[in-house]
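Participant: One structure, pasted below without further comment.
The values are calculated or read from the model by the stated rules, or taken from the named source; none is laboratory data. Note that the coordinates shown come from a computational prediction; the quantities given were computed from them, not determined experimentally. Note that each Cβ is placed from the backbone with ideal geometry, even for glycine, and that neighbours are counted across all protein chains shown.
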Amino acid sequence: MKWLQCVMLAVLAAPAIAQVTVEEIDYKGWANSIEMANPDVRLVVVPAIGRIMHYGFGGGENILWSDPELYGQVLPDGQPQVDAEGQYVWTNFGGDKVWPNQQSEFAKINGHAWPPDHAFDGAVHEVGLLPDGVVISSPVSAYNGARSVREIRLAEQGTRVEIDQRIEKLAAAKVEPLRYTIWNVTQIKPPEQTLYPLNPHSHFERRYHPFGFAAGAATRNFTIEGDIGIFVPDPAEAQKTGADSDRWLAGIVGDVVMAEFFRRDATQHYPDGGLSAEVYTCPDYTELELLSPWVYLQVGETLTHEIAWELYRLPASADTPLARRQAAIEWLGTH
């Protein structure tokens, strides 16, 4: 298969860092996937669909959500799938990937409002091995002229994963001038609750923003304790909120906290009216979403955004939602 050849040609041999193993595996039907592990945690990158598909404690469950019906599949000829009416449909593999533009501009940039740009979401990515991880690179988008490059590195011990990301603009977009953002979309298994640190100087009236498509559900399921926003999935409705947060965004899945760490630059413009973190929930999964500044790029220019992930297992004594939240916030406060 052509995509398999591309992946294999792009893999570079690299010596392993002590206690970090990086090796090629077959992951749920995707050949040439890359597994990285240390004594505490396991992470799997699938270049065939351009994303991280597994993150969890060694020997433990995957915190990321994925669709079992799509295991081993790839985009047909590298292009989006179409329905019976000839309309593009989203192949929602799950896991973690990057989108490059504000969603309200998808139709203007891509020629269709949905799904996202397939060069970033679903296309085969080139991959090179690092001593402690991988670097994956998307194809150059025919729509926006850019590609994503992500260096994904695992610590020698503990659960920390550092993800250094950039969008490189290599050709003119179909619509110019054009703003870009590095928008991480991480689909996790349904959490009990998600947590935001709310900006005390937020320009949002509530200090968070409920998206209009299900604003009633979003406001009903969002509460604030001090400077922490708590967003609980709705059992029936999809819903979404966002905030101009800084430092972290987290979800509690069972007795595990998954946290994503980042920094917000208060001097920059951000997408969606100024949001640096967003959470989308539906009955099947939740998305933890981080957004970089929203900037214009000329050909040859690059946008960067560094983030990190960590897992934390809650103590057995945290046996209520409140206790789990308090323990999670205490741990998050140490970062």
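Participant: Of the numbered conditions (1) more than 29 Å from Y296 (Cβ to Cβ); (2) surrounded by fewer than 19 Cβ atoms within 10 Å (Cβ to Cβ), G95 satisfies every one except a single condition; which is it?
Facilitator: (2)
Participant: Would you point out which residue out of L154, L170 is modelled with pLDDT of 95 or more, outside the structural domain of E287 (by TED's automatic domain parsing) and touching an Asp or Glu at 6+ places or on another chain (Cβ under 8 Å)?
Facilitator: L154
Participant: Could you go through region 133-152 and let me know if any residue there is surrounded by 18 or more Cβ atoms within 10 Å (Cβ to Cβ), aromatic (F, W, Y) and outside any loop (DSSP other than H, G, I, E, B).
Facilitator: no
Participant: Pairs, please: C-beta under 7 Å, at least 6 apart or cross-chain, first residue under 19 Å from A119 (Cβ atoms) and in region 71-90, second surrounded by 14 or more Cβ atoms within 10 Å (Cβ to Cβ) and at pLDDT below 90?
Facilitator: From residues that are under 19 Å from A119 (Cβ atoms), the pairs are V74/W3.
Participant: Here's another thing I want to ask about it. Inspect region 162-174 for any residue being without any contact (Cβ under 8 Å) to a residue 60 or more places away in the chain and more than 15 Å from the chain's Cα centre (by Cα) and give the result as yes or no.
Facilitator: no
Participant: Return the total of residues in region 105-132 being buried (at least 18 other Cβ atoms within 10 Å of the Cβ) and either among the basic types (K, R) or at pLDDT below 95 (or both).
Facilitator: Qualifying residue count, region 105-132: 0.
Participant: H118 passes all but one of (1) in contact (Cβ under 8 Å) with a residue 12 or more places away in the chain; (2) farther than 29 Å from V295 by Cβ; (3) not charged (D, E, K, R); which number fails?
Facilitator: Among (1) in contact (Cβ under 8 Å) with a residue 12 or more places away in the chain; (2) farther than 29 Å from V295 by Cβ; (3) not charged (D, E, K, R), the lone unmet condition for H118 is (2).
Participant: Hey, can you tell me all the residues within region 212-240 that are touching a residue at least 40 places away in the same chain (Cβ under 8 Å) and closer than 22 Å to A266 by Cα?
Facilitator: I228
Participant: What's the number of the only condition in (1) farther than 23 Å from R263 by Cβ; (2) more than 20 Å from the chain's Cα centre (by Cα); (3) crowded, with 18+ Cβ neighbours inside 10 Å that Q193 fails to meet?
Facilitator: Status for Q193: all satisfied but (2).
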